[in-house]
Amino acid sequence: MRLVIACLFLAACTPEIPPGSYLCGPEQLCPEGQSCNGPDNVCVVTSSAMPFACETDLDPPGDDAPATAQPLGTLDCVSPLRVTKGCMSAGDVADWYQFDVPANCVTVQVEATLAFPIAYESLDLQLSTNLGPGSVVEGTCPPSRSPDEGEAHRCFEMTVTPGTRYALGVVPDGTGDCDRACAFNRYRLSMQLATP
Amino acid sequence: MLLCGGLAGAGVLVGLAGLYWHLDSRDAADEVSTDRFSGRAWTPAHQDLVERADRSKTLATGAYIAGGAFVIGAALTFIFTAPKTTTEVIKTGTTVTPVRDGAMVTRMWSF
């Protein structure tokens, strides 16, 4: 019995990592012998890994500039959280989302969070005012899911001017794209207007 | 005897080093091993753990082999270099031997 216990104590020097047990890491990093499965960002046996692909309805064309952004609809001065799922296919330069701040608001701020898998290209959030050029905006994200859980986050909140048109842009930041081999990603953009 | 003890001691020390690396390898392997979906992303830190487990496993194997060789060497050294024991029978007592013109008395001691 002691011998058995001693054997168990000493055994297992080789890691046991079955396919499907880890999410893909930065730049599609996976355990040896496994590859990143495009549809769900899970490390699977290389022979069964599917390529990344955007669903058509998540990647509408023509939203690469603030002027041609997709509308997020009418928002109230204090709006419910609006969650938009999107996808950047290879070569996509930006996805822009337009919204108007109601003129009757007294003080209002926009709060936005962008979440995306760390397996593919890294993304930034940009804000455009009156359909002008966008600039990167970033604040501190509240404690939430960590990169260890396969997602990265970009967050910001900023006081905005009532009666003004803004656009939020999801733009690749040029890193984490596997030397352009994984220059794509899917994301989840959450935004709302709130009182500061 | 000194060589024998030195080899045996070296065998034990190298064997203990092998045990250390063995346990280190096991710990690193346990940290990344899983039997179900972990919900975690595979990061360079995980990769480093796999490499550590592999490196320590190799060192442990080498140390066990070297330690075993030292112990076997100690055993062989003991077997082949131990002083041989011989038994000499010395008959003690007084002997009287006749010689020309008389006799010779011989007394033998053992000490």
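Note on residue A:138/residue B:58: beta-carbon distance plugged into 1/(1 + (r/R0)^6) with R0 of 41 Å gives a FRET efficiency of 0.40. Near residue A:184, the amide H atoms lying under 5 Å from its own belong to A:121; only residues 5 or more places off or on other chains count, and H is placed 1.01 Å from N.
Provide the FRET efficiency to the nearest 0.05 for the residue B:51-residue A:107 pair, computing r from the beta carbons and using R0 = 51 Å. So, using R0 = 51 Å, E works out to roughly 0.40.
Placing a label point 7 Å from the Cα of residue A:165 along the Cα-to-Cβ line, the residues of region A:126-144 whose backbone N sits under 19 Å from it are A:126-135. Calculated mean residue ellipticity at 222 nm for chain A: -1500 deg cm²/dmol, from DSSP H runs with n ≥ 4 weighted as -39500 (n - 2.57), summed, divided by the residue count and rounded to 500. When Rg and Dmax are taken over the Cα atoms of region B:2-81, they come to 17.9, 62 Å.
Each residue of region A:171-179 was assigned a 3J(HN,Hα) from its phi angle through the Karplus curve 6.51 cos²θ - 1.76 cosθ + 1.60 (θ = phi - 60°); the sequence is 10, x, 9, x, 10, x, 9, 6, 6 Hz, with glycine and proline shown as x. Projecting label points 7 angstrom from Cα along Cα→Cβ for residue A:48 and residue A:180 puts them 3.4 nm apart. Based on the Kirkwood approach, the hydrodynamic radius assigned to region A:56-194 is 15.2 Å, with every pair of different Cα atoms included.
The phi torsions of region A:23-38, fed into the Karplus equation with coefficients 6.51, -1.76 and 1.60 and a -60° offset, translate into couplings of 7, 5, x, x, 6, 6, 5, 9, x, 4, x, 10, 9, 7, 8, x Hz, rounded to whole numbers, with Gly and Pro shown as x. Taking the C-alpha atoms only, the angle from helix B:2-32 to the longest principal axis of chain B is near 10 degrees.
Between region A:40-76 and region A:140-196, the C-alpha centres lie 14 angstrom from each other. The orientation-averaged projection of the convex hull spanning the C-alpha atoms of region B:13-52 amounts to 3.1 square nanometres.
With the convex hull constructed from alpha-carbon coordinates only, the protein assembly as shown shows a mean projected area of 30.6 nm² over all directions. Among the trypsin sites (Lys or Arg not before Pro) found in region B:24-111, those both in a DSSP coil and sparsely packed, with 14 or fewer other Cβ atoms within 10 Å of their Cβ, are B:36, B:84, B:91, B:100. Here the gap between residue B:82 and residue B:27, fully extended at 0.36 nm per residue and compared with their Cα-Cα distance, gives a gain of 15.5 nm. If you wrap the tightest convex hull around every Cα atom of region A:13-64 and split its volume per residue, you get 89 Å³.
All of the numbers you see were taken from the coordinates with simple rules; none came from a lab. Owing to the predicted nature of the structure, the values given are computational and were not obtained by experimental measurement. Cβ coordinates were reconstructed from backbone atoms using ideal geometry, including for glycine residues, and neighbour counts include every protein chain displayed.
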